[in-house]
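The values are calculated or read from the model by the stated rules, or taken from the named source; none is laboratory data. This is a predicted model, so every value here is computed, not measured. Neighbour counts are summed over all protein chains in view; Cβ atoms, including those assigned to glycine, are modelled from backbone coordinates with ideal geometry. The accessibility values were calculated without ligands, DNA or RNA, using every heavy atom of the protein model including side chains. Shrake-Rupley method; radii C 1.70, N 1.55, O 1.52, S 1.80 Å.
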Amino acid sequence: MKNYYITTPIYYVNDKPHIGHAYTTILADTLSRFRQLINQKTFFLTGLDEHGLKVQQAAEKNGANPQDHCDAMAPAFLELWKKLDIQYSDFIRTTEARHVKIVQNILTEVYNNGDIYKDKYEGWYSISEERFITEKELDSGLFRDVKKIEEENYFFKMSKYQKQLIKKIEDDEEFIQPSTRKNEVLGFLKQNLSDLCISRPKTRLEWGIEIPFDKDYVTYVWFDALINYISSPKYSEDKECFEENWPADVHLIGKDILTTHSVYWPTMLMSLNLPLPKTIFAHGWWLTDEEKMSKSLGNVISPLMLIDEFGVDSVRYYLMSEMVLGLVIPQCDHDKNDLSNQLSKIDIEKKLNTFKMDGLIQNIMDFVRSINVYMEKNQPWKLVKEDKELAGIVLYNAAESLRIATLMLSPVIPKKSQEILDTLGSNNSSLEWGGLKSGEKIGSITPIFPRIVK
Ligand code: MSP
C-alpha cells in the first residue's frame, strides 16, 4: 500500500535553524501523526540543502572547507528535531552519496531525452537568491547582491512544459494550495517562461554536484535540492520503494519558495515522465516586527530558547494553533448535551485534506470546552447524592470524552497527551467511543500546563 508522503523543504546549512524552520517541520510532524491516528501509513521526509554559493560562502567565513562546515552544522538541526519530538522517516543531506548518484542519473536521463542544451548566457544574477533574475525583477529593487554575469551554461527546457503546467494548475484544485498561491503562480506563468540555467562553471562555484557529461560544471543548487524528494525514496534505484511513496501527497513549503516548487519542480518531473506531487502547500511567514526572520536582518528567534522557557509541547501547540492555514474556519455547531454525538462531528480527515490544522485544533479545543460545560450542567458532585448511577454515567462520559480529545491532540502535544492518558489509566489508542474501561483508577493530577509566573 502507498504511504502518505509528506515533505518539508530541506534547509540551508548556512546558519542554525530558527523558528521558521521549526514551524514547517512541526507542521509536517503533526500532519504525519494525525494521518497515523486515522490509521494511514506515512513517510515523512526532511533534511538539509548543503550545496551552492550560500553554503560555500558561509564555510569560507568560518575558515572551514564546505563539507566540514556542513558536518558541523547538521547536528544543530538533528538535535533540535529531537528536542521538538519530530518523528521523521528519513533525514536526507544533499552531500550524501545516495543523493548525488540519483541527481547525476537524472541529469543524464534529461540530457539524453533532449531537454538539456548548452548556450551562452548574459544576465543579472542575484547571489542572495541564487538565481538569474529578469530585467523587471532587477528594476523592482527587491533583490540584494546583484551582478551582471556572462558565461556558457547548460539549460533545461522548462519553457517546453509551460502550457502543460498551466493546464494542470488550472484544472486541479488540489495541486497548489491555498488558492491565493495558485493564483500567484498562474499570474507568474502569464509571461513567457524562459529555460532554466542548471549549471555553474567550476571556475565560479565549486561546491556542487558535478555534471556527469561535463566535468567543468556543477549542478545549480535548486536542480540538485528539489530532487531530494525523489532521491530519498530511491528513484531510478529501487522501483518498489519508489512506488510505495511517490507521488508525494504534500510538499509543505513557505511562500518564499513557491516558484521553485510549483514551476521548476513540476516541469522537471514532466521531463522525467513522472507523476506530479498531489499538493504543494505554501504557508505564510512568522514575522518579527512585521519583517521576515533572516540572519542578515538579525531578528531571528531561536526555537531552543522558546523550548527552554515554555516546554516543547507549548511551543508545538502555539505554533500549530496560531498560524491560520488557508481560510478562516467555521466553528462546528454544538449539541452540548451529547458529547459522543458532538465528537462524531469532528472530521479529522476532511480538515487534513484541506490542511486546516488550526481549524482542526480549534474544533478539538471547542470540544474540550464543551466537556467543561457538560460537567457544569450535570454537576456530578451534586448528582452523586441523589442518583449514584447517573453520576457515574456523567463522569464516564466526561472521562471518555477527555480520553478521545487527548488522543486527538496527541499529534500536536505528544508528551503532554501521554501524561493525561497515563493519568486516565488508558492505553487504548482508538478514537471510537467506549474505549475507556469502567472501574479504572484515576491517577493523581497535576496541572498539565502550569501558569508561568514572571
Ligand atoms: N534550501 C531551500 C529549500 C530547498 S527545498 C527543495 C531553502 N532553505 S531555507 O533554509 O531558506 O528554508 C526555507 C523554508 O524555511 C521556508 O520555505 C519555510 O518553510 C521555512 N521558513 C523560513 N523562515 C520562515 C518564517 N519566518 N516563517 C515561516 N517559515 C519560514 O529555502
Next on the checklist: So if I place +1 on the C-beta of Lys and Arg and -1 on the C-beta of Asp and Glu, and nothing else carries charge, what would the dipole magnitude of region 1-93 be about its Cα centre? I want it in debye, nearest 20.
Outcome noted: 420
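If DNA, RNA and ligands are ignored and the probe is 1.4 Å, what is the ranking of S232, S89 by accessible area, most exposed first? Provide the component values of the computation, followed by the final result.
Details: S232 10, S89 60 Å².
In descending accessible area the options line up as S89, S232.
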Next on the checklist: Give me the percent relative contact order of region 80-229, please, defined on Cα pairs under 8 angstrom at least 6 residues apart.
Outcome noted: 22
Checklist entry - Taking 0.36 nm per intervening residue step and subtracting the Cα-Cα distance, what contour gain separates K377 from L138 on full extension? => result 79.6 nm
Checklist entry - Solvent-accessible area per residue for the chain at a 1.4 Å probe radius, Å²? => result 49
Item to check | Where labels lie 7 Å past Cα in the beta-carbon direction, separation of I393 and K148 in nm | outcome: 8.5
Item to check | Point-to-point label distance, L287-E79, nm (Cα→Cβ direction, 7 Å offset) | outcome: 3.3
Checklist entry - Under a point-charge model restricted to the Cβ atoms of Lys and Arg (+1) and Asp and Glu (-1), what is the dipole moment magnitude of the chain relative to its Cα centre, in debye to the nearest 20? => result 660
Checklist outcome for this item: Sorting G254, I420, G47 by the position of each Cα along the dipole of the chain (Lys, Arg +1; Asp, Glu -1; all at Cβ), the one nearest the positive end of that ordering is I420
Checklist entry - Going down the table (K82/K415; K41/K437; K101/K255), which pairs top 18 Å between alpha carbons? => result K41/K437; K101/K255
Checklist outcome for this item: Summing -39500 (n - 2.57) over every DSSP H run of at least 4 residues in the chain and dividing by its residue count gives a helix-only mean residue ellipticity at 222 nm, to the nearest 500 deg cm²/dmol, of -13500 deg cm²/dmol
Checklist entry - Of all the accessible heavy-atom surface of the chain, with the other protein chains kept in place and a 1.4 Å probe, what percent is carbon and sulfur? => result 51
Next on the checklist: Under the rule that an exposed site lies in a DSSP loop and has at most 11 other Cβ atoms within 10 Å, name the longest stretch of the chain with no GluC sites (Glu not before Pro) of that kind, not counting the sites themselves.
Outcome noted: 1-172
Next on the checklist: Given an 8 Å cut-off on Cα distances and at least 6 residues of separation, report the relative contact order of region 178-292 as a percent.
Outcome noted: 23
Checklist entry - At a probe radius of 1.4 Å, what is the per-residue accessible area of T95, in Å² to the nearest 10? => result 30
Next on the checklist: I'd like the trypsin sites (Lys or Arg not before Pro) in region 1-88 restricted to DSSP loop residues with at most 14 other Cβ atoms within 10 Å, sorted by number.
Outcome noted: K2, K41
Checklist entry - Taking square-rooted eigenvalues a ≥ b ≥ c of the alpha carbon gyration tensor, is region 194-257 rounded, prolate or oblate, where a/c under 1.5 means rounded and, failing that, a/b exceeding b/c means prolate? => result oblate
Checklist entry - Fully extended, how many nm does the chain gain between Q162 and K16 (0.36 nm per residue separation, minus their Cα-Cα distance)? => result 48.9 nm
Checklist entry - Mean shadow of the chain, computed from the convex hull of its alpha carbons, in nm²? => result 24.7
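If each residue of separation counts as 0.36 nm, what is the full-extension length gain between E243 and R369 once their alpha-carbon separation is subtracted?
41.0 nm
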Checklist entry - Using a cut-off of 23 Å between alpha-carbon atoms, which lysines can reach K148, once sequence neighbours fewer than 8 places away in the same chain are excluded? => result K54, K118, K120, K136, K157, K202
Next on the checklist: At a threshold of 8 angstrom on Cα-Cα distance, excluding pairs fewer than six apart, so keeping six or more, what relative contact order does the chain reach in percent?
Outcome noted: 16
